[in-house]
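Student: One structure coming up, written as structure tokens, with questions to follow.
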Amino acid sequence: MISAVEALKRLREGNRRFIDGMQRTKALASQEKHNDLLKGQAPFATILACSDSRVPVEHIFDQGFGDLFVIRVAGNIVAPSQAGSAEYAAKQLGTRLLVVLGHTRCGAVGATLKSLRQPGGKLSENLASIMDRIRPAVEDLLKTESECDPDTLMRRAVRANVRRSAHALRNGSGILKELMEQDGLLVVGAEYSLESGEVDFFDGAPTR
């Protein structure tokens, strides 16, 4: 089992290779690797990420087949299915690092901000359920920072949404909470920059 600290180090190093254009050749696994994965999986970290097509999780961390347990959903929200998937990865697969990964210019966050400022638009029940989980994080910002310029407000809203999801995982799951208290599980919030390619681990990550 790889510790949370070591897993975080691997992600940081992989992201640095991605930024520098020095990725390892892992786009296609060798036949030997494929055969090993048929026996089971042992990812070293779990990533709860937004579904945005501009955020290819394995690529931005320069990881290959079997390295990451990736959960993707618009707005990197935490609903029961996402929490259950994270519990499975931590309890059954032994991942000790759980990263909530948001990103700049998140469409789900932007749509939620717009709906709060211009209410009345019709949404499907399913889309509304996603925005309902983002809304509490950005409502508070609108109350205190409504005079911010739109770009600043958007940046702060993305991070507030990541923090809320990380908080929900830390406090809303008995399984995850027990593993945090007794077995070294770490839940970290991070943001991927579409502009630079850099991942900033800004919430709950230990100092280097």
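The values are calculated or read from the model by the stated rules, or taken from the named source; none is laboratory data. Computed from a predicted structure; not experimentally measured. Every residue, glycine among them, receives a Cβ derived from its backbone with ideal geometry; neighbour counts consider all protein chains shown.
Student: Looking at segment 169-204 only, could you name the residues that are in contact (Cβ under 8 Å) with a residue 12 or more places away in the chain, among the aliphatic types (A, V, I, L, M) and crowded, with 20+ Cβ neighbours inside 10 Å?
Tutor: Leu169, Leu176, Leu179, Leu185, Leu186, Val187, Val188, Ala190, Val199
Student: Right, another one. Taking Arg208 as the residue in question, decide whether it is modelled with pLDDT of 95 or more, closer than 21 Å to Leu98 by Cα and of a type in the set (D, E, K, R).
Tutor: no
Student: OK, next. Inside segment 137-157, can you point out the residues that are touching a Lys or Arg at 6+ places or on another chain (Cβ under 8 Å) and assigned to a helix (DSSP H, G or I)?
Tutor: The answer is Ala137, Leu141, Leu142, Met154.
Student: Applying the selection to segment 48-87, what residues are aromatic (Phe, Trp, Tyr) and more than 22 Å from Glu198 (Cβ to Cβ)?
Tutor: Phe65, Phe69, listed by residue number.
Student: Sticking with this one: Considering (1) free of Cβ contacts under 8 Å to residues at least 40 places away in the same chain; (2) surrounded by 23 or more Cβ atoms within 10 Å (Cβ to Cβ); (3) among the polar types (S, T, N, Q), say which one Ser85 fails and leave the rest.
Tutor: Condition not satisfied by Ser85: (2).
Student: Additional query: State whether the residues of segment 113-136 include one that is of a type in the set (S, T, N, Q), under 19 Å from the mean Cα position of the chain (by Cα) and assigned to a loop (DSSP other than H, G, I, E, B).
Tutor: Scanning segment 113-136, I find no residue that is of a type in the set (S, T, N, Q), under 19 Å from the mean Cα position of the chain (by Cα) and assigned to a loop (DSSP other than H, G, I, E, B), so the answer is no.
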